[in-house]
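Asker: Handing you this structure, nothing more for now.
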Amino acid sequence: MDSSTLRHSCSHIMAEAVKQLWPEVKLGIGPAIEDGFYYDFDKKEPFTDEDLVKIEKNMLEIIRKNEPFIREELTKKEAEQLFKKLKEDYKLELLKEIPDEKVSLYKTGDGFVDLCRGPHIESTGQIKVFKLLSVAGAYWHGIETNPMLQRIYGTCFQEQKELEEYLKNLEEAKSRDHRKLGPQLEFFDIYHEEAGAGLVFYHPKGALLRTIIEDYEKKEHLKRGYQIVITPHIMQAALWRTSGHYDYYKENMYTFKMEDKEFVLKPMNCPGHILIYKSRNRSYRELPIRFFELGTVYRHEKAGVLHGLLRVRGFTQDDAHIFCLPEQLRSEIKSIIDFVFDTMKVFGFKEVGIELSTRPEKYIGSVEDWQQATEALEGALKEKGLSFDINEGEGAFYGPKIDIKLKDALNRKWQCATIQCDFALPKRFNLSYVDSDGKEKQPIMLHRVLLGSLERFIGALLEHYKGDLPLWLAPTQVLVIPIKDPLEEYGQKIKKILEENSIRSEIDNRNETLEKRIRSAELNKIPYCLVVGEREAKQGTVSVRKRGKGDKGVTKIEEFITQIKQEIENKVVWG
Ligand SMILES: [Zn+2]
Ligand SMILES: [Zn+2]
């Protein structure tokens, strides 16, 4: 039995149980999701933990009774009458959105009825193991101005063992949640009421981490034949009309008017890079041209889908656009794939999942172009001997794409790299180069990101390492702890030596016990502590503690620096 049918059926059972307990509650929607299901309810008082226990009890009873799922087809009008009688306002709204003349309903038990396409299991007794997990607020349709409903999350499995495994992972994931770790480690915060939702504020340590990542990326791109460019954050609507974004992407764009001119806050970096390409004539000898930008973009996302650093309204992409000759296409795609894998390795991610997404319903360009582009991407993957899944119809509106998702320590997938092949934008902007035969021809354009959104990547990093970042990425690499007051001077001297060697350090000279300060270094996930007392001051040594490894003994400061520099240089990762 497919697990999404099972889980969606379980959401019906939960809704039936809720209606038994609170008949006045109005129903929203209740789909299956990855690893579980939810149902949205409009209920005045919030659901409490005790309520969840009660609901679970009723669900068990419904399952015990083994009620059949009965499908019925009605005309839209009949369905309308039914849901009017039941006072299910949200179902009435959903009905309006269905274009068909006939709709289907599913009934269980003593009069529970839901508007639903199905499919469902045969009867409630087929549910073996389930659990309600949490309650969260959710706007109807995910729109801020709509009523806030209460969403109950649950999950269900075929076997108790699977549920236990899942709950264990869930606990582990909770302890790694970047939304908790970020503020706790003073890296960032996301919500300031007066600023609005989905916008990230990097505090000094988070900003430092991001700078370290950005510096690494800039260096690596220059090494691999990319040129760094910087383009404006606002550009006139005319440009976005030419690019097609204005027609195909408008609902996600922030626009505003100044002196009768309409402007767009850039949702993508491509048109800016195209303008630079177009600023003069290009010869075939120059190609491939690879423009790289750490480009900050703004996209409107519904409040309901915002989530930590994963879905935000402003983020920075490590974005590049490559303009190349047709015969260079495949080798360019292959070197991007290599670049992605090298980068993943440096950051300590070993496994990835690869997906190829093809032409969606809304698209620009010709079907032949799409075919050629899809073949180029697929061919490059095959030549590299990589296995991949195909996402039919999931490409961007301007071209097919390869997504490379990294897998973290809990085996969860995170969207990071994307490679998109694009014949459409070069056409829309009339891009050209002069070929060896003196004729003007159109280059092919590749869009690509490696880490993707730096915000999301930082979220992934934090969760993968549980905040214990590798030494080369840790904002504070070494904490100096002088044991007694008179030794502060020696502590400061050590800190200065570290700084002179470009090792990021802090000193903790608070009037606290040594144990307390070591504990706080651990909580702040600082890789090394150097404890300095009288003996160390006399001998010019430091007493080294390594995160997770404890006391590493006394060593000369010079030796410590040589060793730690090597660890930084080699970008040693753990996990
Ligand atoms: Zn259903
Ligand atoms: Zn692009």
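Asker: Residues of the stretch 135-147 being open to solvent by less than 50 Å² (accessible area, probe 1.4 Å) and assigned to a strand (DSSP E or B), which ones? Spell out the reasoning first.
Answerer: At the first step, the residues of the stretch 135-147 found to be open to solvent by less than 50 Å² (accessible area, probe 1.4 Å) are 136, 138, 140, 142, 146.
Of everything in the stretch 135-147, those that are open to solvent by less than 50 Å² (accessible area, probe 1.4 Å) and assigned to a strand (DSSP E or B) turn out to be ALA136, ALA138.
Asker: For the stretch 277-297, give me each residue that is surrounded by fewer than 18 Cβ atoms within 10 Å (Cβ to Cβ), part of a helix (DSSP H, G or I) and within 16 Å of ligand 2 (Cβ to nearest atom).
Answerer: LYS278
Asker: Can you find a residue that is over 15 Å from TYR490 (Cβ atoms) and out of contact with any Leu (no Cβ under 8 Å at 6 or more places or on another chain) anywhere in the stretch 521-533?
Answerer: Yes, some residue in the stretch 521-533 is over 15 Å from TYR490 (Cβ atoms) and out of contact with any Leu (no Cβ under 8 Å at 6 or more places or on another chain).
Asker: Identify, from the list LEU450, LEU471, LEU406, LEU461, the residue that is closer than 30 Å to PHE188 by Cα, more than 23 Å from the chain's Cα centre (by Cα) and surrounded by 21 or more Cβ atoms within 10 Å (Cβ to Cβ).
Answerer: Numbers: LEU450 fails: more than 23 Å from the chain's Cα centre (by Cα); LEU406 fails: more than 23 Å from the chain's Cα centre (by Cα); LEU461 fails: more than 23 Å from the chain's Cα centre (by Cα).
Exactly one residue qualifies, and that residue is LEU471.
Asker: Separate question: Mind checking whether some residue in the stretch 46-60 is closer than 25 Å to VAL103 by Cα and either surrounded by fewer than 19 Cβ atoms within 10 Å (Cβ to Cβ) or in contact with a helix residue (DSSP H, G or I) (Cβ under 6 Å, 6 or more places away or on another chain) (or both)?
Answerer: The first filter runs over the stretch 46-60 and keeps only residues closer than 25 Å to VAL103 by Cα, leaving none.
Looking through the stretch 46-60, none of the residues is closer than 25 Å to VAL103 by Cα and either surrounded by fewer than 19 Cβ atoms within 10 Å (Cβ to Cβ) or in contact with a helix residue (DSSP H, G or I) (Cβ under 6 Å, 6 or more places away or on another chain) (or both).
Asker: If you don't mind, there's one more thing I want to ask. Look through the stretch 16-37, keep the residues that are open to solvent by 30 Å² or more (accessible area, probe 1.4 Å) and within 33 Å of the chain's Cα centre (by Cα), and return whichever of them is nearest to ligand 2 (Cβ to nearest atom).
Answerer: Among those that are open to solvent by 30 Å² or more (accessible area, probe 1.4 Å) and within 33 Å of the chain's Cα centre (by Cα), it is GLU34.
Asker: Additional query: Quickly run through the stretch 79-101 and pick out the residues that are within 16 Å of ligand 1 (Cβ to nearest atom) and among the basic types (Lys, Arg).
Answerer: LYS91
Asker: Right, here's the next one. Pick from the stretch 47-60 the residues that are of a type in the set (Asp, Glu) and without any contact (Cβ under 8 Å) to a residue 40 or more places away in the chain: which of them is nearest to GLN20 (Cα to Cα)? Steps first, answer last, please.
Answerer: Quick first cut of the stretch 47-60, residues of a type in the set (Asp, Glu) only: 49-51, 56.
Now narrow it down to the ones that are without any contact (Cβ under 8 Å) to a residue 40 or more places away in the chain: 49-51.
On the way: ASP49: 17, GLU50: 16, ASP51: 12 Å.
Looking at the filtered set, the residue picked out is ASP51.
Asker: Give ASP403, ASP437 a once-over and let me know the one that is assigned to a strand (DSSP E or B) and more than 16 Å from ligand 1 (Cβ to nearest atom).
Answerer: Working: ASP437 fails: assigned to a strand (DSSP E or B).
After applying the criteria, what remains is ASP403.
Asker: Based on what the data block shows, is GLU440 away from ligand 2 (no atom under 16 Å from the Cβ), under 28 Å from ASN269 (Cβ atoms), without any contact (Cβ under 8 Å) to a residue 60 or more places away in the chain and surrounded by fewer than 21 Cβ atoms within 10 Å (Cβ to Cβ)? Break it down stepwise before answering.
Answerer: Details: away from ligand 2 (no atom under 16 Å from the Cβ): yes; under 28 Å from ASN269 (Cβ atoms): yes; without any contact (Cβ under 8 Å) to a residue 60 or more places away in the chain: yes; surrounded by fewer than 21 Cβ atoms within 10 Å (Cβ to Cβ): yes.
Spelling it out, GLU440 is indeed away from ligand 2 (no atom under 16 Å from the Cβ), under 28 Å from ASN269 (Cβ atoms), without any contact (Cβ under 8 Å) to a residue 60 or more places away in the chain and surrounded by fewer than 21 Cβ atoms within 10 Å (Cβ to Cβ).
Asker: Working carefully through the options LEU310, LEU329, find the one that is of a type in the set (A, V, I, L, M), open to solvent by 20 Å² or more (accessible area, probe 1.4 Å) and either farther than 23 Å from ILE234 by Cα or in contact with a Phe, Trp or Tyr (Cβ under 9 Å, 6 or more places away or on another chain) (or both).
Answerer: Numbers: LEU329 fails: open to solvent by 20 Å² or more (accessible area, probe 1.4 Å).
Matching residue, one of LEU310, LEU329: LEU310.
Asker: Grab the strands (runs of 3 or more DSSP E) fully contained in the stretch 494-575, keeping just those with 2 or more residues being free of Cβ contacts under 8 Å to residues at least 40 places away in the same chain.
Answerer: 505-507, 541-546, 550-556
Asker: Test GLU251 against the stated conditions and say whether it is open to solvent by less than 70 Å² (accessible area, probe 1.4 Å) and either away from ligand 1 (no atom under 16 Å from the Cβ) or assigned to a strand (DSSP E or B) (or both). Full working, then the answer.
Answerer: On the way: open to solvent by less than 70 Å² (accessible area, probe 1.4 Å): no; either away from ligand 1 (no atom under 16 Å from the Cβ) or assigned to a strand (DSSP E or B) (or both): yes.
No; evaluated as a whole, the condition is false for this residue.
Asker: Can I ask one more? What pairs can you find where one residue is in the stretch 95-120 and open to solvent by 40 Å² or more (accessible area, probe 1.4 Å), the other is among the acidic types (Asp, Glu), and their Cβ atoms are less than 7 Å apart, with a gap of 6+ or different chains?
Answerer: Short answer, once both residue conditions are applied: LYS102/GLU73; LYS107/GLU72; GLY109/GLU16; GLY109/GLU67.
Asker: Run ILE13 past the list (1) farther than 20 Å from LEU167 by Cβ; (2) within 15 Å of ligand 1 (Cβ to nearest atom); (3) open to solvent by less than 40 Å² (accessible area, probe 1.4 Å) and report the number of the one that doesn't hold.
Answerer: Exception for ILE13: condition (1).
Asker: Just to be sure before I move on: is LEU461 in a helix (DSSP H, G or I) and either within 16 Å of ligand 1 (Cβ to nearest atom) or farther than 30 Å from ARG359 by Cα (or both) in the structure I sent?
Answerer: Working: in a helix (DSSP H, G or I): yes; either within 16 Å of ligand 1 (Cβ to nearest atom) or farther than 30 Å from ARG359 by Cα (or both): yes.
The answer is yes for LEU461.
Asker: Tell me which residues, restricted to the stretch 148-186, are surrounded by 15 or more Cβ atoms within 10 Å (Cβ to Cβ), over 22 Å from SER4 (Cα atoms) and over 22 Å from the mean Cα position of the chain (by Cα).
Answerer: If the condition is that a residue be surrounded by 15 or more Cβ atoms within 10 Å (Cβ to Cβ), over 22 Å from SER4 (Cα atoms) and over 22 Å from the mean Cα position of the chain (by Cα), then LEU149 is the only one that fits.
Asker: Now for a different question. Looking only at the stretch 300-324, how many residues end up being within 24 Å of the chain's Cα centre (by Cα) and within 13 Å of ligand 2 (Cβ to nearest atom)?
Answerer: We begin by selecting, within the stretch 300-324, every residue within 24 Å of the chain's Cα centre (by Cα); these are 300-321.
Retained after the next criterion (residues that are within 13 Å of ligand 2 (Cβ to nearest atom)): 317-321.
The total comes to 5.
Asker: Follow-up question, since we're still on this one. Pick out the one residue from LEU199, LEU222, LEU239 that is over 30 Å from LYS362 (Cα atoms) and among the hydrophobic types (A, V, I, L, M, F, W, C). Walk me through it before giving the result.
Answerer: Numbers: LEU199 fails: over 30 Å from LYS362 (Cα atoms); LEU239 fails: over 30 Å from LYS362 (Cα atoms).
Sole residue among the options that is over 30 Å from LYS362 (Cα atoms) and among the hydrophobic types (A, V, I, L, M, F, W, C): LEU222.
The values are calculated or read from the model by the stated rules, or taken from the named source; none is laboratory data. The structure presented is a predicted model; accordingly, all values stated were derived computationally and were not measured. Please note: Cβ atoms are built from the backbone with ideal geometry, for glycine as well, and neighbour counts cover all protein chains shown. To get the accessible areas, we keep the full protein, side chains included, count just its heavy atoms, and leave off ligands, DNA and RNA. Shrake-Rupley method; radii C 1.70, N 1.55, O 1.52, S 1.80 Å.
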